[in-house]
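FYI, it's all coordinate maths here, none of it is from the lab. These figures come from a predicted structure and were not determined experimentally.
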């Protein structure tokens, strides 16, 4: 393991659940499934270098405590890998929450519309966005 910014960089197993913040209520459809927008920029383009948190290092509660205005989605690491995206532990050094910073990871590679759709279909909502559909 390599130390990055004071945190150990670690390998991520395919069965590791990764946590992604649900930053907007419309990322959850009325049927409670996730929209592909969860893997896009606010402008609607497929997001490159997507940020997630490693689920064995933080809990959904850690995420919502730091960001109470967000929900939390989960996706297993094998899903983006099946879409030719690497999953890399990359402590960010930017979170003002050290536990989240140490658990930060990214999906690297060329993301596109089709990959966003596949990843959304294979993700789950763990914590609803506070303003999402009842």
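Which of 115, 33, 96 ends up with the largest GNM mean-square fluctuation for the chain, with Cα atoms connected below 10 Å?
Greatest mean-square fluctuation among the candidates belongs to 96.
Got the relative contact order for the chain handy, in percent, Cα pairs under 8 Å and 6 or more residues apart?
Relative contact order of the chain: 37 percent.
Can you give me the convex hull volume of the Cα atoms of segment 3-64, divided per residue and expressed in Å³?
Measuring per residue, one finds 130 Å³ for the Cα hull of segment 3-64.
Once Cα Rg over 2.2 N^0.38 Å is worked out from the coordinates, which option in (i) 2.34; (ii) 0.99; (iii) 1.05 does it equal?
(ii)
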